[in-house]
Every structure is written in structure tokens, then in C-alpha cells.
Amino acid sequence: EGAIKLGDSIACNGVCLTAESLQPPNRFTVAAGKETLDCTTFSTLEVGDKLHLERALQVNDRLDGHIVSGHVDGVGHVISTEQERESWVLWIEAPDELARYIATKGSITVDGVSLTVNEVDGPRFRINIIPFTAEHTTLCTHPAGGGVNLEVDLIARYLERMLGVDNLRSGGKTAERLE
């Protein structure tokens, strides 16, 4: 894949950040502004904490999984983490303003890991972590109450904006167009 270059986008726990300095062979520095600190788990990180790192998708690459932008929408909280057979089951509670975008069999990104939602119960949702993902991420190590960065489905966000769902709910012009 090649070495990280200055200016490269690197998702850190799902947050798209820019490599601002390099310390070869395997370190880089990023800056996180107020907005990033306010809507992610970054303000709770400590030196030595493990992060999920992922390079940005190149336009000519194969898309393998869900569409993920690296723009975290908010912080969810782990309700429970339990091992069931060979995999792990996590229940997470999303903030109310994000819950409407989460649907059974839809996509969700948790700390930068693209996953499929298995069940939804109000603002809470269940995901299944397969052994490979459990071994290569920190998802199964979050304690109950621990925060996780959430990125909801990009298409759902744009669809809501384009249709003007608030306008639709109030019986506005979008409702007339759909009829």
C-alpha cells in the first residue's frame, strides 16, 4: 500500500483526520479540532489507547463493505457485550437524534468498523461481531457504558434531507409530490 504521506486521510476510530506530521517508520500526528472533540470519543482517549486505523478509499479501488465517510455523527454507549457461541453480541444505545437512521439489516459504523444492524429496539441496536472482527478490533473490549463513535448510514441522511422529512411529516409540498 505504500507509506503514509503528509496530507493523507486516515480514519482513527472512524474519524477522518489528516496526517500533519510523520515519524517513520510507523507514527503520524493529526490535529483534532473542537467539533471533533465535541462529537466523538476523542476527549476520553488516553496515551496508549488502541485505535482502529484505516486509510481512505481511493476512487479506483474496489468497494468492500458499506459506504463510510469518516464523518462521525455522534457517540453511542455500549449497553452490553456478550459472547454467544463463536461470536460476540453487542447492544449499543444511540443518541435519539441518530436512532431514526438505524434500521434492521442496515449499515452502521462503530468506531470506524462497518457493520450490519441485526435488531433495533428504539434507540438501542444489536450487532454481531464475528471472530475475525473480534480478533482484529477493540469492539468487544468496551465496558458497559463505554462510548463508541457512530456513523449512521450516509444514504439515509441524504434521503431525509432531499425529501424534507420534516416537511413530509407536516403534510407539506414533499408529501404532495410523493402522492
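See the values below:
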item	result
Residue count, the stretch 3-46 (criterion: open to solvent by 50 Å² or more (accessible area, probe 1.4 Å), within 11 Å of V72 (Cα to Cα) and in contact with a strand residue (DSSP E or B) (Cβ under 7 Å, 6 or more places away or on another chain))	1
Close pairs (9 angstrom Cβ cut-off, 6 or more residues apart or separate chains): in a loop (DSSP other than H, G, I, E, B) in the stretch 104-115, at pLDDT below 95 and acidic (D, E) anywhere	G106/D153; G112/E54
All positions within the stretch 114-146 that are in contact with a helix residue (DSSP H, G or I) (Cβ under 6 Å, 6 or more places away or on another chain) and either acidic (D, E) or over 11 Å from L90 (Cβ atoms) (or both)	P123
Those strands (runs of 3 or more DSSP E) lying entirely in the stretch 1-95 with at least 2 residues free of Cβ contacts under 8 Å to residues at least 12 places away in the same chain	27-29, 74-84
Filtered residues of the stretch 72-123 (kept if of a type in the set (G, A, S) and more than 19 Å from H136 (Cα to Cα))	G74, G76, S80, A94, A99, A103, G106, S107, G122
Among (1) farther than 19 Å from I155 by Cβ; (2) without any contact (Cβ under 8 Å) to a residue 60 or more places away in the chain; (3) out of contact with any Leu (no Cβ under 9 Å at 6 or more places or on another chain), the one test that Y101 misses	(1)
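The values are calculated or read from the model by the stated rules, or taken from the named source; none is laboratory data. In this text, all values refer to a predicted model and were calculated from it rather than measured experimentally. Ideal geometry is used to build each Cβ from the backbone, glycine not excepted, and the neighbour counts take in all protein chains shown. These accessible areas exclude ligands, DNA and RNA; they are computed on the full protein's heavy atoms, side chains included. Shrake-Rupley method; radii C 1.70, N 1.55, O 1.52, S 1.80 Å.
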